[in-house]
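First comes the structure, then the notes that go with it.
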Amino acid sequence: MKFSVLHVLPRRPRKTKEEMGAVGHDPVEATVLSPVMEGSAKTVHGRFRHKLKMPQILGFVPRPRSPKPIVESNPPQTEVVLDFMENLKENRLVEACQQLLLREDQLFGQETMTIEGLVQVCNEDDKDTLQKDYETLLLHLWMAVHTTFSSTPSGEHLEILRSAVETIRLLEEKDQQWEGRPEGSSEAPVWRPHQCRHTHDNLLEKIVDSQMRNATVEEDNISVSSVDNLSTSMKREVCRMGKCLKEDVLRVARDIRDCYPPDFDVCNLYVRLYHQKFSARLTELARSGLDVDDCNYLLCWVNNYYPNDILKHKDLEGHINMESLGTLLSEMDLTTLEEQYLLQKESKVRTWFSKALSKEEEGWLSGKSPELIDGYCFCPLAIDIIQAVDGAMREARTILGSEAKAQRILRQLDSFLISYKSSLEEFVKRTGENTQAVVKANLVSIEQFRDFIVRREESIPEEIRTSCMSTLADLRDCGYGYFTGPIHEELRVQYHRLWTQAWFTGGQMVLDEVLGTLDRHMQQFTDLKSICMEELLGRLHMEMMVEYVKRMMKRKMRLKDKEQQEAAAKLLAEDSSKLSTYFTEAGSKISWLSEVLPKMAEVVRLQDPGSIQLEIVTLARDFPDLSWRHISALLSLKANLSTADVRSIKESLVENRPTVTTCNTNPPFFSKVPAGKTWNMCRPACICYGGRGYSSQD
């Protein structure tokens, strides 16, 4: 048999996986053509193919093709196991530690490893190698802890620290296992116990010490900050340390805390270490003899900035125990600094007050009238003093951290008011063109001082408050008395005609004349501030009512019968209405005074002893300061009242007095009315006019 000529194609080299991946896999490969076959090619679907007819060979049977094996595109990767040094290089401290612990167990037989009857043999070389590996691990461990504050916290840095802390925990557990082994067991390795927790805490103390020490260094090449603008080196040092402390403990609370298990209590640990370092340095500074400015700044940090801005920061809430820290300075050192501060502050406040009063006195004596504001005389003294007190108190509260300690400044206000009272009393004795205007202006200041004390009643110690209010009462009497004294002086003659025969017969309109004279005097107070005008009217209202009742009880009139008594009661009621109407319309707020004369008029009008007795008890209930001498003088107006009736009224009053006095709501009135022949007005020494005291006498 003859074979036709057959051109066999050269074998095409198999593509590598890399080439396949680069160019992609084509399911239909191009056939390589020989030069002989190129001319007889047929085109099939854009491809060139040649059909080769294979001759039939006797005994040859084609073998069916076996399917190609399926190759996975992403075969599973074999996990790479790192050795000890590789774990350290990758900062996988926990894995490295676990490898050493396993070797330790194998080496010392705590976990026997048997492989086909072969036992790990313990020898000195293995021990030395393991010990060196532990030393290497601990070196990496402490480096991870040491860099806690060396850089900005990142995920990688915190993960390394977390791994280091977990490694410490594993080593501590192993220490405890060795310590708890039964008696007679094999001896522990020379590197046990590691005491990593103790070493960790000591390392943190050194880190804190380094952080605080570095914070005090002043570098010339850094940009100017608020710290560098402080005036003294001591202030800059304290501020830098405090700023470092705050930034570090907040970083612990925000980031580092999550790297530690709760039993480490890392926030309290760090805060306690920083507190101790800060306290030690501040104690040194406090005992070094600080000047006033540095003393104040140090107290600010101890009593305000540190406890409020740092320890009470919201990020530390619930993570630290403030009570366990104590104060930055001992009680003795703190008391010394606070006393130094208070002495200089009191001296400065006294100087402010003295200068303010001296400046005001110069204006008084110069003859210059005070300025008018909104149409009334004004004195800035109270505003200046109150602002100075408020500023000094606010600063003292900040520096001392205590309202109670700051209240010592208020003693200077009490001393100032005494000096102010003395100066004003001396001034009103002078006669000058500006005297009235100056007194009006100072009445405004006096009311402002009084309002300040009343509004701060709860925050001012009782002793200081009582003394200040007493001095202000004297000042008010002096100022208002300067104006009321001359008015009563002119009204003296008209007062004498009240409750006389001329008054009773109506031949003279005595009270109308009194009110006419008063109204003429009131025209001079158009430039008096409204609050002072109200007080002046109230005083005049009270004093004129007291004068009226005093004249009524002089026993110069005896009303013989019912007709006279009813007529007198009517006049009394009319006078009460006139007085109440005048003062109410003028601006007086003492409305309860309008009840006095009508109740007395009812006693005068009544004829039945029982009714009189009941009215007297009612009068005593409303005015508990009503004495028997007042009642006796009132009843003496009724000539037809027997001695037995008077005795019965007195007995009834004595019997009912304990129960009626508890219902009173009115201020004292009858205690201001003398029952004798002579009556001096309330606080006569302070009611001044041109240096003369005024008393109302017959």
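The values are calculated or read from the model by the stated rules, or taken from the named source; none is laboratory data. Since this is a predicted model, take the numbers as computed values, not measurements. Cβ: placed from backbone, ideal geometry, glycine included. Neighbour counts: every protein chain shown. Calculation scope for accessible area: heavy atoms of the full protein, side chains included, ligands and nucleic acids excluded. Shrake-Rupley method; radii C 1.70, N 1.55, O 1.52, S 1.80 Å.
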Considering only region 632-648, state which residues are surrounded by 15 or more Cβ atoms within 10 Å (Cβ to Cβ) and either assigned to a helix (DSSP H, G or I) or free of Cβ contacts under 8 Å to residues at least 40 places away in the same chain (or both). S632, A633, L634, L635, L641, D645, V646, S648
Give all pairs with beta carbons closer than 7 Å in which a residue from region 327-356 that is in contact (Cβ under 8 Å) with a residue 40 or more places away in the chain and of a type in the set (D, E, K, R) meets a residue that is open to solvent by 50 Å² or more (accessible area, probe 1.4 Å) and assigned to a helix (DSSP H, G or I); count only pairs at least 6 apart in sequence or on separate chains. E338/K405
Looking only at residues that are modelled with pLDDT under 50 and among the charged types (D, E, K, R) in region 103-130, which one is most open to solvent (accessible area, probe 1.4 Å)? E116
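Got a sec? Which of N321, N308 is within 30 Å of P262 (Cβ to Cβ) and in a loop (DSSP other than H, G, I, E, B)? I'd like the intermediate steps shown before the answer.
Values: N308 fails: in a loop (DSSP other than H, G, I, E, B).
On inspection, the qualifying residue turns out to be N321.
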Would you tally the residues in region 129-154 being in contact (Cβ under 8 Å) with a residue 40 or more places away in the chain, assigned to a helix (DSSP H, G or I), touching a Lys or Arg at 6+ places or on another chain (Cβ under 9 Å) and hydroxyl-bearing (S, T, Y)? 0
Taking region 587-604 and keeping residues modelled with pLDDT of 90 or more and among the basic types (K, R) leaves K599
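For residues that are within 34 Å of the chain's Cα centre (by Cα), within 17 Å of D384 (Cβ to Cβ) and not polar (S, T, N, Q), tally how many sit in region 427-455.
To start, the set of residues in region 427-455 that are within 34 Å of the chain's Cα centre (by Cα) comprises 444-455.
Restricting the remaining residues to those that are within 17 Å of D384 (Cβ to Cβ) gives 444-453.
From the residues that got through so far, the ones that are not polar (S, T, N, Q) too are 444, 446-447, 449-453.
Selection size over region 427-455: 8.
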Pull out all pairs, ordered by first then second residue, where Cβ-Cβ is under 6 Å, the residues are six or more apart or on different chains, the first lies in region 88-99 and is modelled with pLDDT of 85 or more, and the second is among the charged types (D, E, K, R) and surrounded by fewer than 18 Cβ atoms within 10 Å (Cβ to Cβ). V94/E166
Would region 376-390 turn up any residue that is hydroxyl-bearing (S, T, Y) and under 24 Å from the mean Cα position of the chain (by Cα)? no
Out of all the residues in region 493-508, is one or more on the phi > 0 side of the Ramachandran plot, surrounded by fewer than 18 Cβ atoms within 10 Å (Cβ to Cβ) and either touching a helix residue (DSSP H, G or I) at 6+ places or on another chain (Cβ under 6 Å) or touching a residue at least 24 places away in the same chain (Cβ under 8 Å) (or both)? yes
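Can you tell me which of I409, I399, I418, I385 is open to solvent by 70 Å² or more (accessible area, probe 1.4 Å), part of a helix (DSSP H, G or I) and either in contact with a Gly (Cβ under 9 Å, 6 or more places away or on another chain) or of a type in the set (V, I, T) (or both)? Before you say what the answer is, go through the steps one by one.
Numbers: I409 fails: open to solvent by 70 Å² or more (accessible area, probe 1.4 Å); I399 fails: open to solvent by 70 Å² or more (accessible area, probe 1.4 Å); I385 fails: open to solvent by 70 Å² or more (accessible area, probe 1.4 Å).
Checking each option against the conditions leaves just I418.
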Is it fair to say L614 is modelled with pLDDT of 90 or more and of a type outside the set (V, I, T)? yes
Selection over region 264-304 where residues are open to solvent by 60 Å² or more (accessible area, probe 1.4 Å) and within 24 Å of the chain's Cα centre (by Cα) yields a count of 1
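With K359, K368 as the choices, which residue is open to solvent by 30 Å² or more (accessible area, probe 1.4 Å), not small (G, A, S) and not in a helix (DSSP H, G or I)?
On the way: K359 fails: not in a helix (DSSP H, G or I).
Within the list K359, K368, the selection yields K368.
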When you go through (1) within 25 Å of A502 (Cβ to Cβ); (2) touching a helix residue (DSSP H, G or I) at 6+ places or on another chain (Cβ under 8 Å); (3) surrounded by fewer than 17 Cβ atoms within 10 Å (Cβ to Cβ) one by one for A601, which number turns out not to apply? (3)
Can you tell me which residues in region 152-173 are under 12 Å from Q98 (Cα atoms) and open to solvent by less than 10 Å² (accessible area, probe 1.4 Å)? T167, I168, L171
Kindly indicate which of S611, S580, S594, S652 is of a type in the set (S, T, Y), surrounded by 21 or more Cβ atoms within 10 Å (Cβ to Cβ) and part of a helix (DSSP H, G or I). S580
Please count how many residues of region 437-472 are of a type outside the set (S, T, Y), open to solvent by 10 Å² or more (accessible area, probe 1.4 Å) and without any contact (Cβ under 8 Å) to a residue 24 or more places away in the chain. 10
How do the pairs read when you match residues in region 540-559 that are farther than 15 Å from L518 by Cβ and in contact (Cβ under 8 Å) with a residue 60 or more places away in the chain with residues anywhere that are in a loop (DSSP other than H, G, I, E, B) and among the polar types (S, T, N, Q), using Cβ under 8 Å and keeping only pairs 6 or more apart or on different chains? R555/S636; M557/T500; R558/S636
